[in-house]
Amino acid sequence: MSVTGAGHSADLIVINGRVLTMDDDNPATEAVAVKDGAIIAMGSRVSIEELKGPATKIIDAKGGSVIPGFIEAHMHLFSGGAELAHLQLTGIHGFEALQKAIRSYAPTQPDAKMLVGQGVDYTVLGSERVTRHHLDAILPDRPFCMAAPDHHTMWANTKALEMAGILHGRTLGPGNEIVMGDDGLAGGELREGEAFGPVLDLAGESRVRLGLATGGEPDPMPTATERAADRDIMRRGLAWCARHGITSIQNMDGNLYQLELLAEIEAEEGLPCRVQIPFHYKNFMTLDMLDKASDMAERYNSEWLSSGMVKVFYDGVLDSWTAVMVEPYADRPDWVGEPLFTPQQFIDLAVAVDKRGLQIAVHSIGDGAVRAVLDGYEAAQKANGKRDSRHRIEHIEVTTTTDVPRFAELGVIASMQPPHPPGAMDFPLEPTVSRIGPARWPLSYAWRTLKDAGARVVFASDWPVSPIDPLLGIQAAVLRKPWADGDPDQSLSLHESLAGYTVEGAYAEFAEHRKGAIKPGYMADLVVLSADIEATAPEALHKVHPVTTICGGKITYQT
């Protein structure tokens, strides 16, 4: 390959790498050349260096793996960016440790209207459930609340409950609960967004939660100063993604405001990651409101910023008994959970969204929710005819033998999170495994079972629910162990796990012809890792980290 004139030279070349292309026809190579945001050539170091011109940037991978940019298929960018500034309580156990963390943090935030903690285990006090009285004993004079890692339960002290006007309880919609104490007052535990929304609103960060809480727009619209502050929160989140090798984000909450903020950042300095923002349909909306989803899809459809998806929550989570089950909870034999939509309401919604040619992604954790959503997708196919819709189910923490083959039959994507199974990464075994019960363990977080049944399985972190790092997720997927002898092995190989964060993520957003692999003509979205990932022991994968992230041919992060 000979090249004449600087006009033909590459903008950037990566040499000396162990290039894992994720392309089965050409799985490995030594070097990659990039021009105008696309991959133009791959091959030996010698052949690629011929494309070097006077202005070409050269990245020496020093024997580390070079892989397609990670596609984070389920995360919450805006709230995640905001939470980077909150008190991090992951791994804290026992009252003394909790007290120390909160009392050390409080003086560092003298002006905070509400102190917020994140990532606290449901079992932080062992088998004792957290109440406002525990938190009052730690911090009585300032409002404080803290969220479980899954963001479906919060605990607040008396001051916070008083200021939010919910100390005496409040009537809430299905699936939401202010847990009341024996004294007739709120006990401090708040289950689901309607319950803890009033407390979080006091923190002055209500706009970051709107895409999750209501799917609506800020009212009143933020001032120029507030809008600039929100752009900075988005920037913080985007930089955190780039630092972890992420080049594409499929956000799982959304409104028009988030798209506008991202468009403003793109106009100012360009985006470091490609972002898809859905329209979030809530159970208090009516089907005509889907006009807005269609409008968002039309207005935003570039390779950097897009919509085209409708996100829905069908249920809650296992730990607070808000996930919807087919059979009752193992530790609550009279309860199967309460869905956020009736099965018929969801069928009507699925038919309406599908008719508009939009993609649907539904949070469904319990096997009852998974079944209801599959029923909705089946009804949409019958009503509108079969098409390449790639509708998605998010999480699928428990499913049934009957429903496993339906994913492949209906072409439904199984969007799952390797950090989520208790014991796989940060989440403790209890209370979740006891809620599920041993009879359902074989089909819990059933990545391998679904994949073997022909489902497309896509991976993500659900950040800020779990740490964002895809390499931690890959390690969790490879090292996954059954909870009981005789239960199926749900782990995946290194290559399958990598595919979950690259090839499958591209497929989930109808972009497998342009991203998710290293091929000529594909987007120049690449990550250079600190080590050869294939030569790294699975137990040591957490030590591997991105040293350079490239998105659209531009370096977005470098150590």
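The values are calculated or read from the model by the stated rules, or taken from the named source; none is laboratory data. Note that the structure is a prediction, hence the values are computed from the model and not measured. As a convention, Cβ positions derive from the backbone with ideal geometry for all residues, glycine included, and neighbour counts pool all protein chains shown.
Can you tell me how many residues within the stretch 531-554 are among the hydrophobic types (A, V, I, L, M, F, W, C), in contact with a strand residue (DSSP E or B) (Cβ under 9 Å, 6 or more places away or on another chain) and buried (at least 16 other Cβ atoms within 10 Å of the Cβ)?
Of the residues in the stretch 531-554, 6 are among the hydrophobic types (A, V, I, L, M, F, W, C), in contact with a strand residue (DSSP E or B) (Cβ under 9 Å, 6 or more places away or on another chain) and buried (at least 16 other Cβ atoms within 10 Å of the Cβ).
All but one of (1) surrounded by fewer than 24 Cβ atoms within 10 Å (Cβ to Cβ); (2) in contact with a strand residue (DSSP E or B) (Cβ under 8 Å, 6 or more places away or on another chain) hold for Asp219; which doesn't?
In the conditions (1) surrounded by fewer than 24 Cβ atoms within 10 Å (Cβ to Cβ); (2) in contact with a strand residue (DSSP E or B) (Cβ under 8 Å, 6 or more places away or on another chain), Asp219 misses (2) alone.
Do we find that Val370 is in contact (Cβ under 8 Å) with a residue 60 or more places away in the chain and either more than 26 Å from Ser294 (Cα to Cα) or in a helix (DSSP H, G or I) (or both) in this structure?
Spelling it out, it is not the case that Val370 is in contact (Cβ under 8 Å) with a residue 60 or more places away in the chain and either more than 26 Å from Ser294 (Cα to Cα) or in a helix (DSSP H, G or I) (or both).
Report whether or not Thr123 is surrounded by 14 or more Cβ atoms within 10 Å (Cβ to Cβ) and either among the polar types (S, T, N, Q) or touching a residue at least 24 places away in the same chain (Cβ under 8 Å) (or both).
yes
To keep it simple, each residue is scored yes or no on (1) in contact with a helix residue (DSSP H, G or I) (Cβ under 6 Å, 6 or more places away or on another chain); (2) on the phi > 0 side of the Ramachandran plot; (3) surrounded by fewer than 23 Cβ atoms within 10 Å (Cβ to Cβ).
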position	(1), (2), (3)
Gly204	no, yes, yes
Ala229	no, no, yes
Arg274	no, no, no
Met309	no, no, no
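When both residues are 6+ apart or on different chains and their Cβ atoms are under 8 Å apart, which pairs have a first residue that lies in the stretch 471-490 and is under 15 Å from Leu450 (Cα atoms) and polar (S, T, N, Q), and a second that is in a loop (DSSP other than H, G, I, E, B) and modelled with pLDDT of 95 or more?
Gln490/Pro421; Gln490/Tyr445; Gln490/Ala446; Gln490/Arg480; Gln490/Pro482
For the stretch 300-331, how many residues meet the condition of being of a type in the set (A, V, I, L, M, F, W, C) and more than 29 Å from Cys273 (Cα to Cα)?
Residues that pass the stated criteria total 8.
Looking at Trp321, Trp335, which one is of a type in the set (A, V, I, L, M, F, W, C), surrounded by fewer than 24 Cβ atoms within 10 Å (Cβ to Cβ) and within 22 Å of the chain's Cα centre (by Cα)?
Trp321
Out of all the residues in the stretch 347-358, which are touching a His at 6+ places or on another chain (Cβ under 8 Å) and either surrounded by 24 or more Cβ atoms within 10 Å (Cβ to Cβ) or more than 15 Å from Gly385 (Cα to Cα) (or both)?
If the condition is that a residue be touching a His at 6+ places or on another chain (Cβ under 8 Å) and either surrounded by 24 or more Cβ atoms within 10 Å (Cβ to Cβ) or more than 15 Å from Gly385 (Cα to Cα) (or both), then Ala350 is the only one that fits.
Name the residue that is nearest to Leu479 (Cα to Cα), counting only residues in the stretch 531-549 that are part of a strand (DSSP E or B) and under 21 Å from the mean Cα position of the chain (by Cα).
This residue is Pro546.
Of the conditions (1) closer than 21 Å to Asp23 by Cβ; (2) in contact with a Pro (Cβ under 6 Å, 6 or more places away or on another chain); (3) assigned to a loop (DSSP other than H, G, I, E, B), Lys515 clears all except one; give me its number.
Of everything listed in (1) closer than 21 Å to Asp23 by Cβ; (2) in contact with a Pro (Cβ under 6 Å, 6 or more places away or on another chain); (3) assigned to a loop (DSSP other than H, G, I, E, B), Lys515 misses just condition (2).
Among the listed residues Asp141, Asp150, Asp111, identify the single one that is of a type in the set (Asp, Glu) and buried (at least 19 other Cβ atoms within 10 Å of the Cβ).
Checking each option against the conditions leaves just Asp150.
Conditions (1) surrounded by 22 or more Cβ atoms within 10 Å (Cβ to Cβ); (2) over 27 Å from Arg243 (Cα atoms); (3) in the same structural domain as Tyr377 (by TED's automatic domain parsing), marked per residue:
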{"site": "Pro405", "(1), (2), (3)": "no, yes, yes"}
{"site": "Leu410", "(1), (2), (3)": "no, yes, yes"}
{"site": "Met416", "(1), (2), (3)": "yes, no, yes"}
{"site": "Pro419", "(1), (2), (3)": "yes, no, yes"}
{"site": "Asp426", "(1), (2), (3)": "no, no, yes"}
{"site": "Ile436", "(1), (2), (3)": "yes, yes, yes"}
{"site": "Ala446", "(1), (2), (3)": "yes, yes, yes"}
{"site": "Ala453", "(1), (2), (3)": "no, yes, yes"}
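Check Val528, Val503 and return the single one that is more than 18 Å from Gln475 (Cβ to Cβ) and crowded, with 24+ Cβ neighbours inside 10 Å.
Being more than 18 Å from Gln475 (Cβ to Cβ) and crowded, with 24+ Cβ neighbours inside 10 Å holds for just one of Val528, Val503, which is Val528.
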